[in-house]
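Nothing in this text is a laboratory measurement; each read-out follows from the coordinates by a stated rule. Bear in mind that the values here come from a model prediction, so they are computed numbers and not experimental data. Because the Cβ atoms are built from the backbone with ideal geometry, glycine has one as well, and the counts that use them run over all protein chains shown.
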Amino acid sequence: MKVAPSLLSANFGNLEHDLDMINRSEAAMLHLDIMDGVFVPNISFGFPVIEYVQRLCKKPLDVHLMIVEPQKFVSQVRDTGATIMNVHYEVCPHLHRVVQQIKSAGMQAGVTINPATPVHMLRDIVADLDLVLLMSVNPGFGGQKFIPGTLRKVAELKQLIAETGSHAIIEVDGGVNDVTGRQLAEQGAEMVVAGNYVFKAADPLQAISTLAAL
């Protein structure tokens, strides 16, 4: 299992310490949640923080925009050095255009769907994607409880990817721990985003290693 620790749960009073831990860990990449207080009921951090993180982090950055009109910021996300730009299906009425903009900017394109959004809504775009992120909690806050129905959605998405010939990676974010992580792996998830499970652990390196071994 690929692991993408979520910066949202890190200690912002000592980011250098936590990023050093990530660099030494088995994490595949670092997940950054950008929130605007409009699409989701919270505000997180912006481009200056991403640029600072990129200078210190040796892992690829998965920048997840939980914002309205993410297409306005494609060039800014690219300039931070992000590997993946991840946008929500729910805020992109012209999703294909946004995906093409992301790819034209030299980044991998990811699309996220909320818990109440059916997987089949991605049928006409999934073949163009590098990653699909299933939210297993309602986006906006860390530390929420895993929504069990996500397991069914992972299986549905895996089938959809096979039917369409897509090469998209299946990622899941929300309430991930060693138990839910194993359940997700059994259904076909390939990458998990983990916040509190990693950064609140007594041994974050071991927590990442545990998930990576699933």
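Odds and ends about this structure:
- For the range 162-183, the count of residues that are in contact with a strand residue (DSSP E or B) (Cβ under 7 Å, 6 or more places away or on another chain), within 30 Å of ASN11 (Cβ to Cβ), of a type in the set (Ser, Thr, Tyr) and surrounded by 15 or more Cβ atoms within 10 Å (Cβ to Cβ) is zero.
- Pair list, Cβ < 8 Å and 6+ apart or interchain, from the range 163-179 residues that are within 14 Å of ILE113 (Cα to Cα) to residues that are aromatic (Phe, Trp, Tyr) and in a loop (DSSP other than H, G, I, E, B): GLY174/PHE146
- The number of residues in the range 2-29 that are among the basic types (Lys, Arg) and either assigned to a helix (DSSP H, G or I) or under 17 Å from ASN196 (Cβ atoms) (or both) comes to 1.
- Top-ranked residue in the range 61-77 [being surrounded by fewer than 17 Cβ atoms within 10 Å (Cβ to Cβ) and of a type in the set (D, E, K, R); ranked as farthest from VAL126 (Cα to Cα)]: LYS72
- Every condition in (1) more than 20 Å from ASP79 (Cβ to Cβ); (2) more than 16 Å from the chain's Cα centre (by Cα); (3) of a type in the set (Ser, Thr, Tyr) holds for SER9 except the one numbered (2).
- Test for LEU65: is it out of contact with any Gly (no Cβ under 9 Å at 6 or more places or on another chain), within 17 Å of PHE45 (Cβ to Cβ) and of a type in the set (A, V, I, L, M): yes
- GLY110 falls short on exactly one of the conditions (1) among the small types (Gly, Ala, Ser); (2) in contact (Cβ under 8 Å) with a residue 40 or more places away in the chain; (3) more than 30 Å from LYS145 (Cα to Cα), and that condition is (3).
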